[in-house]
Amino acid sequence: MELAYYSDYAVRLVNSEEPARGKDDLTSVDAIRDLFGGNASAARRATDADVTRFRSVRGRLRSVFEAADEGDETLAVDLLNSLLLEFPVSPQISGHDHRDEDDRPLWHMHLADHPSNATAGYAAIAAMGLAFHLTEYGVDRLGMCQAAPCRNAYLDTSTNRSRRYCSDRCATRANVAAYRARKRLEADRSASTGLAAESAQRTSASGER
């Protein structure tokens, strides 16, 4: 498993809330366990007390994405460093997968957390994954969706650093809105031009009399 994979933990947690829509999916232990994905052993540690703790970490991770989106690299790094200090992990070599031909372990790096609770474990993995992504690809690869009112977080993995939306759905919605806005502007300009021409004709006709 590549260490950059863990950055998805941060995205999943941040996007469990949509403040502009007043939507929050993080309301139960089951919702927390869903965030862990296939990491069932870590998910089983979640309790009711983790709901509030997860929301706190979520707000801090969102602040990292927002700072990066606004171009404040230093603030984004400082915020992420504070999470790394509070929720440390230990890199370990893991070999739970095997090669087909000789059944030897397929060695890879793995992040081992030492949590006192489910929140600490999740936060450690999310922060470290985001740190790997940031240092590998750049702070500008962390963004917030530009399709209002959506402000979901995303990781830009495009070759030309062109991503601006969290999903194809938001990209389509934004493009449609931009197209309609252009059409309205063109219609307004056309109507304004028509009125100006009509006024000029009336003025000319009045002068001829």
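What follows is calculated from the coordinates using simple rules that are stated; it is not laboratory data. All values reported here derive from a predicted model rather than from experimental measurement. Please note: Cβ atoms are built from the backbone with ideal geometry, for glycine as well, and neighbour counts cover all protein chains shown.
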Contact list, first residue from segment 25-39 and basic (Lys, Arg), second anywhere and part of a helix (DSSP H, G or I) and surrounded by 14 or more Cβ atoms within 10 Å (Cβ to Cβ), beta-carbon distance below 6 Å, six or more apart or interchain, is Arg33/Ala43
Any idea which of (1) surrounded by fewer than 17 Cβ atoms within 10 Å (Cβ to Cβ); (2) part of a helix (DSSP H, G or I); (3) β-branched (Val, Ile, Thr) is the one Val64 doesn't satisfy?
(1)
